[in-house]
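Shown next, in structure tokens, is the structure this report addresses.
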Amino acid sequence: MMTIESSFIPFPSEIVMIPAGYLAYKGEMNILLVLLSGFAGSMIGAWINYFLAMSLGRKFLYTYGKYFFMKAETINKMETFFNRHGAVSTFTGRLIPGIRQLISIPAGLSKMSLPLFSLYTFLGAGLWTIVLVLLGYFLGENEALIKEYMQELVYLSLIVVMFILSVYTYFYKRKKD
């Protein structure tokens, strides 16, 4: 089994999905079940954060946010922004390392529609899961290539997110005019 160098710090999904893709390549796991498990894990984790933020988040932030430099005004602005742009924020947030695990929190705080949240979470997390599984499937136990491609993949995902947000902003502004 592969080991990852200490200079590459993987996020939880990378820790599991890349080796699972490799095991699917070797025939030790079924690739369809690997993908379905990745989708299910992403959705369950997202829903847990969403419901926790929806039920506990606002009260917690209004009470303790000042200790984290979050004023009530900032929380209200975040909610207004997310009410307008929650769908695209949820989708693109799932493609950014470090953000993908946290994007459910503002969605829950703003009480984003659960079906809409679920759809965009599934699309973004599903895309990322497929990429990770295929990375493990095609690169196997070659750690150097995985490390190289993970960094390139992160950069590529940031470029894709910037492109999506640029297109979204263009059409959003045209719609307002």
All positions within region 24-56 that are of a type in the set (A, V, I, L, M) and within 24 Å of Ala107 (Cα to Cα):
Leu36, Ala40, Met43, Ile44, Ala46, Ile48, Leu52, Ala53, Met54, Leu56
Could you please let me know if Tyr137 is closer than 29 Å to Gly27 by Cβ, among the aromatic types (Phe, Trp, Tyr) and at pLDDT 85 or above?
yes
Which pairs do you get when a residue that is more than 18 Å from Met54 (Cα to Cα), found in region 64-84, comes within reach of a residue that is small (Gly, Ala, Ser) and not in a helix (DSSP H, G or I), reach meaning Cβ atoms under 8 angstrom, with the pair 6+ apart or on two chains?
none
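Quick check on region 86-109: of everything there that is surrounded by fewer than 16 Cβ atoms within 10 Å (Cβ to Cβ) and in contact (Cβ under 8 Å) with a residue 12 or more places away in the chain, which residue is farthest from Val160 (Cα to Cα)?
Of the residues in region 86-109, the ones surrounded by fewer than 16 Cβ atoms within 10 Å (Cβ to Cβ) are 98-99, 102.
Now drop any that are not in contact (Cβ under 8 Å) with a residue 12 or more places away in the chain, which leaves 98, 102.
Numbers: Gly98: 16, Leu102: 19 Å.
Per the stated criteria, the residue is Leu102.
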Name the residues in region 1-28 that are modelled with pLDDT of 50 or more and assigned to a loop (DSSP other than H, G, I, E, B), would you?
Phe11, Lys26, Gly27, Glu28
Contact list please: Cβ distance under 9 Å, first residue in region 110-127 and more than 17 Å from Asn83 (Cβ to Cβ) and without any contact (Cβ under 8 Å) to a residue 40 or more places away in the chain, second residue aromatic (Phe, Trp, Tyr) and in a helix (DSSP H, G or I), pairs at least six apart or on different chains.
Leu123/Phe91; Gly124/Phe91; Leu127/Phe91
I want to confirm something. Restricting to region 31-47 and keeping residues that are aliphatic (A, V, I, L, M) and touching a residue at least 12 places away in the same chain (Cβ under 8 Å), which single residue is surrounded by the most Cβ atoms within 10 Å (Cβ to Cβ)?
Ala46
Could you check, for region 140-161, whether at least one of its residues is out of contact with any strand residue (DSSP E or B) (no Cβ under 8 Å at 6 or more places or on another chain), farther than 29 Å from Ile31 by Cβ and in contact (Cβ under 8 Å) with a residue 60 or more places away in the chain?
no
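Scan region 56-77 for residues that are outside any helix (DSSP H, G or I) and either surrounded by 12 or more Cβ atoms within 10 Å (Cβ to Cβ) or small (Gly, Ala, Ser) (or both) and jot them down. Spell out how you get there, then give the answer.
Here is the first cut: in region 56-77, the residues outside any helix (DSSP H, G or I) are 69-71.
Within region 56-77, Met70, Lys71 qualify.
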Helices (runs of 4 or more DSSP H) within region 83-177 that include 3 or more residues closer than 27 Å to Leu56 by Cα:
104-109, 114-139
Scope region 60-85; condition modelled with pLDDT under 75 and in contact with a Leu (Cβ under 9 Å, 6 or more places away or on another chain); matching residues:
Phe68, Met70
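The values are calculated or read from the model by the stated rules, or taken from the named source; none is laboratory data. It should be emphasised that the depicted structure is a prediction, and the values quoted were computed from it without experimental measurement. Please note: Cβ atoms are built from the backbone with ideal geometry, for glycine as well, and neighbour counts cover all protein chains shown.
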